[in-house]
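Working notes, structure below.
Read-outs: derived from the displayed coordinates by stated rules, not from any lab. All of these numbers come straight from a predicted model, not from anything done at the bench. No Cβ is skipped: glycine too gets one built from the backbone with ideal geometry, and neighbour counts run over all protein chains shown.
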Amino acid sequence: SNLFVTALSTGFGYTEGLAKTTTSLTYDKIWIDGKQNMAFIGLSMNTKVKVNQTDMITFDMKMKEKQMHHSADSASDSKLFEMGLGYSLPIGKDKLSLNTALVTESKMGGTRVDIDKVTNKYKVAYDIKLPQSYTTTVSYSHDITKYTNMTTLSGSDNREDKVNTLSLKVSKPINKTQTVSVEASDIANRSNHDAFKYKKQSVTANYTIL
């Protein structure tokens, strides 16, 4: 499938001591194979705290509402809540980042059993500064998703997925407000529900305006 995403956000920030907090309204739209599929409307808060001259702790909180574009798919409408914690450590010109997050999703209506779930996310990333302002990022993430209402084929256990993602991204700023990047990922999902086991590779291109 071909995926196209637009992400818009607007907000304000303030600094107090060693902490900087930004609060934003967000609106994301997703197209799949050229057709509008869903939208996310939300509120996010990000706080960065300097531990010392080099190290930084980040705290994220996000609340979103997922709205399917077609009314026939409204059973997939849901509310999401995410809390995340990160730590970044410069190593020379490079940077090591460690992140974890807890995401909950609950359906807004309908009888689908694959909407309500809780996901624990873990990620480690290493940014390598290259000549001519290029940055290469190597990352590994491990996500564990537990479904509240969906069971395995035998019905003895609730469905649980474990997704491992290895990614390589190259990015370059065009100017102070614009950045382009290309990312290749290898993704493997292990599930106790055999129908949802898969392996796939993806390539994404991003254009960001601040």
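Most fluctuating residue of LYS93, LYS50, LYS162 in a GNM of the chain with Cα springs under 10 Å: which is it?
Looking only at LYS93, LYS50, LYS162, the biggest GNM fluctuation is shown by LYS93.
How big is the Kirkwood radius of segment 25-131, worked out from every pair of different alpha carbons and given in Å to one decimal?
Hydrodynamic radius (Kirkwood, Cα only) of segment 25-131 equals 16.2 Å.
Tell me the label-point distance for the pair MET68, LYS35, using the 7 Å Cα-to-Cβ offset, in nm and rounded to one decimal.
Using points 7 Å along Cα→Cβ, the separation is 1.2 nm.
Could you work out how much longer the chain between SER154 and LEU3 gets when fully extended? Use 0.36 nm per residue separation minus the Cα distance between them, nm to one decimal.
My answer for the length gained is 51.0 nm.
Expressed as a rounded percentage, what relative contact order does the chain have, with Cα pairs under 8 Å and six or more residues apart?
Result for the chain is 10 percent.
How big is the Kirkwood radius of segment 1-54, worked out from every pair of different alpha carbons and given in Å to one decimal?
Across segment 1-54, the inverse of the average 1/r is 13.3 Å.
Quick check: residue separation of PHE59 and LEU168 times 0.36 nm, minus the Cα distance between them. What number comes out in nm?
Contour length minus the Cα-Cα distance gives 36.8 nm.
Given 10 Å bins starting at zero, what is the percent of C-alpha pairs of segment 62-106 in each, up to the one with the largest pair distance?
23, 30, 22, 16, 8, 1
Could you work out the per residue convex hull volume over the alpha carbons of segment 75-191, in cubic angstrom?
About 135 Å³ per residue, rounded to a whole number.
Between segment 94-137 and segment 151-207, how many Å separate their Cα centres?
For segment 94-137 versus segment 151-207, the Cα centre distance is 9 Å.
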